[in-house]
Amino acid sequence: MASRYNDPMDATSAQHDPPPAAVAFHIHGLTKVYRSSLVEVHALRGLDLDIHQGEMLVLLGPSGSGKSTFLNILGGIDRPTAGEARFRDHDLARMSDGELTWYRRDHVGFVFQFYNLIPSLTARENVALVTEIARRPMPPEDALALVGLAGRADHFPAELSGGEQQRVAIARAIAKRPEILLCDEPTGALDSPTGVIVLQAIERINAELGTTSVVITHNVAIADMGHRVASFANGRITQVVVNARRQPASSLRW
């Protein structure tokens, strides 16, 4: 089935100036309020942000600051109360449930803190579950090789370390070649050295596949893996810092 989403237009620029990256997400006035009969929780309070195609954006902030709510809206899992969350020229807030399901299936890969692998399936078979329903999948073996697990394809989850299981989960997420990779605390259940290995796998995928990646982490020490770092507090983005060490090939302009 052909995609109903238009590919972003190639940006033009001056003859000697590299073109800026296209905008993958345009966020404006994004607000999320959870209401019950007793309480009203303002999870997001009018966020404005553009996320560029091919960048790796790291989200930092304490628990309850709005990071996961923001990620869930980007992934089409949740809807905002107000504001815009546009993927290219489509507003996720106004898409039907069916359209959001299609968007998640064909355009978004998810990685969570817990691996959610099927114990009775090998690493290859866990990845193949996604490739069977994907629009343009890569072979499971190729996805596992991208995360450094080419030699572990026939191992079951119980035979893998925690870091290896998380890398299998990453391979499963990227095997369908998603334009967007959303990672919610992918190293939260791992020790620091193992977490760095997992994040290096995400960094490699971002660099080699050009996947727009948004990663939530509490680890400030690994924030410099991103092209930018957005700090969250009390439902707001308090600052966005550009990492001069890592610039996309297209020299993004902020």
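Where a number appears in this text, it was derived from the coordinates with a stated rule and is not lab data. Computed from a predicted model, the values in this text were never measured in an experiment. Here the Cβ is made from the backbone with ideal geometry for all residues, glycine too, and neighbour counts use every protein chain on show.
What does the charge count near SER213 come to, summing +1 for each Lys or Arg and -1 for each Asp or Glu among other residues with Cβ under 9 Å from its Cβ? Residues close to SER213 contribute a combined charge of -2.
The trypsin sites (Lys or Arg not before Pro) of region 148-254 that meet both conditions, a loop assignment by DSSP and at most 15 other Cβ atoms within 10 Å of the site Cβ, are ARG245, ARG253.
Helical content alone sets the calculated 222 nm signal of the chain at -8000 deg cm²/dmol, taking -39,500 (n - 2.57) per DSSP H segment of four or more residues and averaging over every residue.
First check a/c for region 103-254, with a ≥ b ≥ c the square roots of the eigenvalues of its C-alpha gyration tensor; if it is under 1.5, answer rounded, and if not, answer prolate when a/b is larger than b/c or oblate otherwise. Prolate, since a/c reaches 1.5 and a/b exceeds b/c. What the Cβ-Cβ distance of ARG45 and ASP91 gives, at R0 = 25 Å and to the nearest 0.05, is a FRET efficiency of 0.80. Across region 74-80, computed HN-Hα scalar couplings (Karplus, 6.51 cos²θ - 1.76 cosθ + 1.60, θ = phi - 60°) run 4, x, x, 7, 10, 10, x Hz from first to last residue, x flagging Gly and Pro. Whole-Hz Karplus values for region 31-40 come out as 10, 9, 10, 9, 10, 9, 5, 10, 8, 10 Hz, taken residue by residue from phi with 6.51 cos²θ - 1.76 cosθ + 1.60 and θ = phi - 60°; glycine and proline positions read x. Would you mind classifying the chain by shape? Square roots of the alpha carbon gyration tensor eigenvalues, ordered a ≥ b ≥ c; an a/c under 1.5 is rounded, otherwise it is prolate if a/b is larger than b/c and oblate if not. Cα axes put the chain in the rounded bin. Rounded to whole numbers, the Karplus 3J(HN,Hα) couplings from phi for region 121-137 are 10, 6, 4, 4, 5, 4, 5, 5, 4, 7, 5, 5, 10, 7, 6, 8, x Hz, using 6.51 cos²θ - 1.76 cosθ + 1.60 with θ = phi - 60°, and x at Gly and Pro. Considering only HIS52, HIS155, HIS26, the Gaussian network model of the chain with Cα springs below 10 Å gives its largest mean-square fluctuation to HIS155. Near the amide H of LEU44, within less than 5 Å, lie the amide hydrogens of LYS32, all on another chain or at least 5 residues away, with H placed in the peptide plane. Across GLN200, GLN239, GLN166, mean-square fluctuation computed from a Gaussian network of the chain (C-alpha pairs under 10 Å connected) peaks at GLN239.
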